[in-house]
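Trainee: Before anything else, here's the structure in question.
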Amino acid sequence: MSLDADAIVDRRRLRRKVTFWRVAAFLVTGAALLLLLAWLAGVPPLGKGAAHIARVEINGVILNDRKRLEMLHRLAESDAVKAVILDINSPGGSTVGGESLYQALREIAEKKPVVAHIGTLGASAGYMAAIAADHVIARHTSLTGSIGVYIQYGNFKGLLDTLGVQFDVVRSGPLKAEPNFFSETPQAVRDNLQAVINDSYDWFVARVAERRNMTDAEVRKVATGGIYSGESARSLGLVDALGGEKQAVSWLEKERGLPEKLPVITWAARSEIDGLPFSARIASAFGSGLAKGLGTSLNDAATLLPDGVTLDGLVSVWHARQAAEPTDGPGGQ
């Protein structure tokens, strides 16, 4: 009889333990699902509702990114964001992309302090984004500058002549559909392109002069398209100080009176899948692995082409292939 009682007690203890772990597993699974659903729905972390410094990463080639511009507008209107740190690692991009990003950042700076930190590279349109800030910091060995604009195009006339291929065109005027890849570029076309380049270059120079408190002549002396190290850029007046994010936060605390120990939280543009149904988002998540593998191969193939070929319109970019690609983990910047 005592053996049966002991067995019953043991079974009850075991049942209680199993029940406890089942409930615990259910709660953990439920919490994980809620977090997953919140992430897929684009719900910002709870930390963004409290006072913080927003970190905005500007990586890779700069284009006219509508989603990023929308995110910057939300950031500007957020009362929880007390300041912004721009983490720049970009060789530049299209002139329109740089201009729209510059203007969006200036709108933020009208409402709250903005400081820029240039990492490995902040050149051309990347530097244009940096000067939208109230204070610019670079590493000693950062590469910056490359103030200028260009447009490039190919000419395969020699190859086509060898192959015996000839192109004819009927146009409404001598500058229409010029330049092209199958004939020599007339001087009138070059003059037209140069006028457009000069206009965009003058706009860029004016922004640097305005933001860096330099004269037009001083800017043009350094705006030859060349790049500078962080130390050289500081001595030329293109950046204010040397350092990293720690120095950026310190400047905000000392010069703009921000409270100490405010958390720095990264803000990012919403993904393209944010507006999709839940099932579509799950399918997208499963497919992203395959897409990433394929994308790596395509990216390797794309390096066979000049960078400017993949950008439309005028370009403000310094050619350092893959120098500004973000890494998977924290770097030494």
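Trainee: Does any residue of region 248-269 turn out to be out of contact with any Cys (no Cβ under 7 Å at 6 or more places or on another chain), surrounded by 13 or more Cβ atoms within 10 Å (Cβ to Cβ) and at pLDDT below 90?
Mentor: Looking for residues that are out of contact with any Cys (no Cβ under 7 Å at 6 or more places or on another chain), surrounded by 13 or more Cβ atoms within 10 Å (Cβ to Cβ) and at pLDDT below 90, one finds at least one in region 248-269, hence yes.
Trainee: Just need a number here: residues in region 62-83 that are open to solvent by 20 Å² or more (accessible area, probe 1.4 Å), in contact with a helix residue (DSSP H, G or I) (Cβ under 8 Å, 6 or more places away or on another chain) and within 17 Å of ALA125 (Cα to Cα).
Mentor: 5
Trainee: For region 178-188, does any single residue satisfy the condition of being more than 28 Å from the chain's Cα centre (by Cα), open to solvent by 30 Å² or more (accessible area, probe 1.4 Å) and of a type in the set (D, E, K, R)?
Mentor: Looking for residues that are more than 28 Å from the chain's Cα centre (by Cα), open to solvent by 30 Å² or more (accessible area, probe 1.4 Å) and of a type in the set (D, E, K, R), one finds at least one in region 178-188, hence yes.
Trainee: Within region 145-164, is there a residue that is outside any loop (DSSP other than H, G, I, E, B) and either closer than 20 Å to GLY98 by Cβ or touching a residue at least 40 places away in the same chain (Cβ under 8 Å) (or both)?
Mentor: Yes; the residues of region 145-164 include at least one that is outside any loop (DSSP other than H, G, I, E, B) and either closer than 20 Å to GLY98 by Cβ or touching a residue at least 40 places away in the same chain (Cβ under 8 Å) (or both).
Trainee: Let me ask something additional. Kindly indicate which of SER172, SER200, SER183 is hydroxyl-bearing (Ser, Thr, Tyr) and part of a helix (DSSP H, G or I).
Mentor: Every option except SER200 fails the conditions.
Trainee: Here is a further query. Evaluate the following for LEU86: is it in contact with a Leu (Cβ under 8 Å, 6 or more places away or on another chain), within 21 Å of GLN247 (Cα to Cα) and crowded, with 24+ Cβ neighbours inside 10 Å?
Mentor: Considered against the rule, which asks whether it is in contact with a Leu (Cβ under 8 Å, 6 or more places away or on another chain), within 21 Å of GLN247 (Cα to Cα) and crowded, with 24+ Cβ neighbours inside 10 Å, LEU86 comes out as yes.
Condition check ((1) closer than 22 Å to GLY119 by Cβ; (2) not in a strand (DSSP E or B)) across all residues:
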| position | (1), (2) |
| --- | --- |
| ILE58 | yes, no |
| VAL61 | yes, no |
| GLU70 | no, yes |
| HIS73 | no, yes |
| LYS82 | no, no |
| SER90 | yes, no |
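Trainee: Is there a residue in region 139-152 that is touching a Phe, Trp or Tyr at 6+ places or on another chain (Cβ under 8 Å) and either farther than 30 Å from ASP87 by Cα or of a type in the set (S, T, N, Q) (or both)?
Mentor: Within region 139-152, one or more residues are touching a Phe, Trp or Tyr at 6+ places or on another chain (Cβ under 8 Å) and either farther than 30 Å from ASP87 by Cα or of a type in the set (S, T, N, Q) (or both).
Trainee: Out of all the residues in region 217-239, which are surrounded by 18 or more Cβ atoms within 10 Å (Cβ to Cβ) and under 18 Å from ALA133 (Cβ atoms)?
Mentor: Within region 217-239, VAL219, TYR228, GLY230, ALA233, ARG234, LEU238, VAL239 qualify.
Trainee: Return the only residue of ALA130, ALA138 being surrounded by 15 or more Cβ atoms within 10 Å (Cβ to Cβ), under 26 Å from ARG234 (Cα atoms), among the small types (Gly, Ala, Ser) and out of contact with any helix residue (DSSP H, G or I) (no Cβ under 8 Å at 6 or more places or on another chain).
Mentor: One residue alone meets the criteria, ALA130.
The values are calculated or read from the model by the stated rules, or taken from the named source; none is laboratory data. Keep in mind that what you see is a predicted model, and the values were worked out from it rather than measured. Neighbour counts are summed over all protein chains in view; Cβ atoms, including those assigned to glycine, are modelled from backbone coordinates with ideal geometry. Side chains included, ligands, DNA and RNA excluded: accessible areas come from the protein's heavy atoms. Shrake-Rupley method; radii C 1.70, N 1.55, O 1.52, S 1.80 Å.
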